[in-house]
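Here's the structure we're looking at; comments come further down.
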Amino acid sequence: MGHDTSEWVFVGIVIAILIYVGVDSWNIEKLLEDIPADAETIKVTGQQWFWSFEHADGTKEISTLHLVKGHAYKFEIYAKDVMHSFNIPDWVVFQDAVPGRINYVWFSPDQTGEFPIQCREYCGLLHYNMRGSLVVEDGKS
Amino acid sequence: MVLELQKPRPVWQIMFSTHHTDVGYLYTVTSLAFLFMAGVLAMIIRTHLFFPGEGVLISDSVTSNRIFTVHGSTMLFLFALPFAAGIGNYLVPIMVRYKDMAYPKLNAVAFWMVPVGGALVWLGFSDTTWVAYAPYSIIRAPGPAADMWIFGMKILGISSILSSINFIVTILKCKHPDLPLRRVPLFAWSMLTVSLMTVVAMPTFAAALVMMLTDRLGVSGFFNPAMGGDPIAYLHLFWFTFHPEVYIFLLPAIGMMYEIIPRFSRKPLFSQGSGVFAFVMLGLIGFASWGHHMFSTGMDFTTKTVFMIGTLAAVPASGMHVFNFLATMWGARIRFDAPMKFMVGGIALFFSAGAGGVLNTAMPLDFITHGTYWVVGHMHLFLTGTIAFGFVGMMYYIFPLFTGRMYSEKWASVQFILMMWGTVQVFFTQHILGLEGMARRIYDYPTDFTSWTQLNQIATVGAWILGASFVIFLAQLIYYSAKGKEANMVDPFNLGGKYYYPYQAKTPHHTGY
């Protein structure tokens, strides 16, 4: 026992770093959760073992989702059977699909191209293959 | 003490003994057996992931799912918990200067539940994953495997509650009257903390298991949305037990570091008081952070913030342990025998794992890392890097006490180098794989991204190196317990001073029933 000063200085530095991390992530998360009012809603349904999508105008797609660059999109995420997790790694879109609940996540692609979609919560036999792709197109075409 | 091999006793006499050293010995040997069994499963998984494509080594995905489920359940419940209980059984009564554990028969009963639970888990070979999230585990997981997993977990949970009660009573009620609680050695303090945590945390999981079982039978619908239940309720019950459980796995290893580091530094511990304080703090704060496993389930902003703060709050207390170790080693005449090597390696990896944990809980970053190989790398860095390093170091330290013989310092060094190298290569690489977006618990990965293939191959080679280090460990334990040089039982590590443990204590005083 004793030797207290150096230890409290050390703990103080650790706490200062943690406060910085905490405050910064609080700020960023607040921004991320703020869904823009003009975001277009897309229903995403996860079931063993594929994703299906429904656009606001009623168009349905399976596994491949076509979106337009520069728009904001809000995903409404449903699950039919067990838990899944809707994930577009390149755009850090990630939210669980929980049966009996609706979860929301939004993003706004600013780059065209094809990006993988996957399931990130274990959902059984073909979990590894529950993949899709996101195609972001230019608005004009 | 036992000195099994110097004074041979028939094996049944050890098996049916209720003496704490015998039960501790049984716990330790059983947990090491399960370590190697689960290690083989890990090698199969990693080797399979060396090449992308189905059927490389594991023929189908359901087998793969079963393998990683049993690997996880075994390493946590059949290696980490029983090993800590084994060393605790051996040392805690000696540390508190009592003749045995408080309830010797209960102690033996708690031990014998472990192989039974283990048999159920291994014979069932369930595919629920070790977390067994509802509703998959309820409506889709094939029986009887999942039911056997539930019963196995149930038995292991009861076993850990029984042994925890025993430790609590032994330490609080049976310690020598001249020994104030704050002077109790820190390893015993770590066992006291984790025992109290188990008693608080484990019943929640026990309840969840019963609910899951009745849900599976179709008579209730607690977690089944089709019957009005909520899967998220299961997640809360599960993580309320298993986030504290993370500390229950970790703290005994930290306690072992407290036991070994001052001895090999040949210097008194920097501060007993701050060690005790940090244990108690971790024991309390461990209950404030379970929600960080559930950020992506649709948790609202305020709840996420609360759990983020709760998680970050555990870091200063962990930092106090690290500080205590470093300050103890500062300016000391350290002897780097095998136990000390593993402890120092464990501290280094504990620090990196802890830093990764801070990133995980920072809310926006959690959405990048959660459910990917980052988390696999992170928790294995704790479980292998800190806990297994602590346990292996302890095993070398206690080896003379168990067997009366010395291990080979040369081979222990080889094992240390390989284990350190393998751990860093496989688990650091998995962190990067996670950042590249590779989901965890997958049987196969696409070939579209060349970096995934390369990183997986690097990780697999690391896993083989880690596997090789454990082969050396196993070979050492077997060979040197029979053929090793006889240990100098007064001071086997030449540290000056005596070997702390009263090796000359009599033969178990009640070998009966």
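Values for this structure:
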quantity	calculated
Part-to-part distance (alpha-carbon centres) for region B:138-153 and region A:71-105, which is given in Å	27 Å
Region B:245-362 - Rg over Rh from alpha carbon coordinates, Kirkwood radius	1.05
Within chain B, helix-based [θ] at 222 nm, where runs of 4 or more DSSP H residues each add -39,500 (n - 2.57), nearest 500	-22000 deg cm²/dmol
Residue exposure sequence - B:M419, B:M211, B:M191 - by fewest surrounding Cβ within 10 Å	B:M211, B:M419, B:M191
10 Å binning of all Cα-Cα separations within region B:1-119, expressed as whole percents from 0 upward	13, 35, 25, 15, 10, 2
Using a Förster distance of 45 Å, the FRET efficiency for B:S451-B:R182 (Cβ separation, nearest 0.05)	0.30
Charge context of B:S296, other residues only, Cβ under 14 angstrom, K/R +1, D/E -1	-2
Helix A:4-32 axis, angle to chain A major axis (alpha carbon atoms, nearest 10°)	20 degrees
Bins of 10 Å, starting at 0 and running to the largest distance - Cα pair percent for the protein assembly as shown	3, 15, 26, 26, 17, 8, 3, 1, 0
Relative pair counts by distance (%), Cα atoms of region B:11-483, 20 Å bins	24, 61, 15, 0
10 Å Cβ neighbours from other chains, averaged over peptide B:435-441	5
Sorted by Cβ density within 10 Å, fewest first, the residues A:I42, B:I171	A:I42, B:I171
Per-selection Rg to Rh, region B:56-193 - Cα, Kirkwood hydrodynamic radius	1.12
Separation of alpha-carbon centers, region B:465-482 and region B:410-460, rounded to whole Å	22 Å
Förster radius 25 Å - calculated FRET efficiency between A:S6 and B:L495 (Cβ-Cβ, nearest 0.05)	0.45
For chain A, alpha-carbon Rg over 2.2 N^0.38 Å	1.40
Loop-located trypsin sites (Lys or Arg not before Pro) in region B:2-104 whose Cβ has at most 15 other Cβ within 10 Å (DSSP)	B:R97, B:K99
Förster radius 22 Å - calculated FRET efficiency between A:E33 and B:L435, Cβ distance, rounded to 0.05	0.50
For B:185-197, mean number of other protein chain Cβ atoms within 10 Å	0
Span-rule helices in chain B, defined as complete DSSP H runs reaching 24 Å or more along the axis (Cα) with Kyte mean at least 0.5	B:20-48, B:104-124, B:145-173, B:186-217, B:231-265, B:338-361, B:450-483
Residue order, fewest to most surrounding Cβ atoms within 10 angstrom, among A:S108, B:S296, B:S64	A:S108, B:S296, B:S64
Neighbouring partner chain Cβ atoms per residue of A:82-94, average, 10 Å criterion	5
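Every number in this text was worked out from the coordinates using simple rules, so none of it is lab data. It should be emphasised that the depicted structure is a prediction, and the values quoted were computed from it without experimental measurement. Quick reminder, even Gly has a Cβ in these numbers, built from the backbone with ideal geometry, and neighbours come from all protein chains shown.
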